[in-house]
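Just so you know, all these numbers are worked out from the coordinates, no wet-lab data involved. This structure is a prediction, so every number in the text was calculated from the model and none was measured. Backbone-built Cβ (ideal geometry, glycine too); neighbour counts: all protein chains shown.
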Amino acid sequence: MRAIVDQDTCIGCGVCPSVCPEVFKMEGEKAVAHVDEVPEDLQDSARQAASQCPVSAIRMES
Ligand code: SF4
C-alpha cells in the first residue's frame with residue numbers, strides 16, 4: 001500500500017506527521033509520504049492519519 005499526499009490540497013496543518021511520523025513528514029509547508037510502500041504494521045496508523053486530515057488530502061493506494 002502506498003500513501004499519497006495531494007500537494008495542492010494539503011494545508012500543512014501537521015496532523016499526519018504527528019499521527020504517523022514513520023510514514024509522513026513535513027517538507028516545507030506541505031506533508032509528504034517519505035516511504036514508497038507503507039509496511040503492514042504501519043497501515044492502520046497511516047490510515048488513521050489520512051482519516052484525520054482536515055482536508056482529505058491523503059489517498060491510500062494498494
Ligand atoms: S493532515 Fe492533511 S492537511 Fe495536514 S499536513 Fe497532513 S496532508 Fe496536509
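Among the residues of the range 1-18, those identified as among the aliphatic types (A, V, I, L, M) and either more than 9 Å from the ligand (Cβ to nearest atom) or more than 11 Å from Ser56 (Cα to Cα) (or both) are Met1, Ala3, Ile4, Val15. Of the residues making up the range 8-31, just one is surrounded by fewer than 18 Cβ atoms within 10 Å (Cβ to Cβ) and touching a strand residue (DSSP E or B) at 6+ places or on another chain (Cβ under 6 Å), namely Gly12. Based on this model, can you work out whether Ala57 counts as touching a helix residue (DSSP H, G or I) at 6+ places or on another chain (Cβ under 7 Å) and among the aliphatic types (A, V, I, L, M)? No, not satisfied.
More than 7 Å from the ligand (Cβ to nearest atom), within 8 Å of the chain's Cα centre (by Cα) and hydrophobic (A, V, I, L, M, F, W, C): does that describe Val32? So Val32 passes the test. Is it the case that the range 35-49 has a residue that's of a type in the set (Gly, Ala, Ser), crowded, with 18+ Cβ neighbours inside 10 Å, within 8 Å of the ligand (Cβ to nearest atom) and closer than 12 Å to Ala3 by Cα? Looking through the range 35-49, at least one residue is of a type in the set (Gly, Ala, Ser), crowded, with 18+ Cβ neighbours inside 10 Å, within 8 Å of the ligand (Cβ to nearest atom) and closer than 12 Å to Ala3 by Cα.
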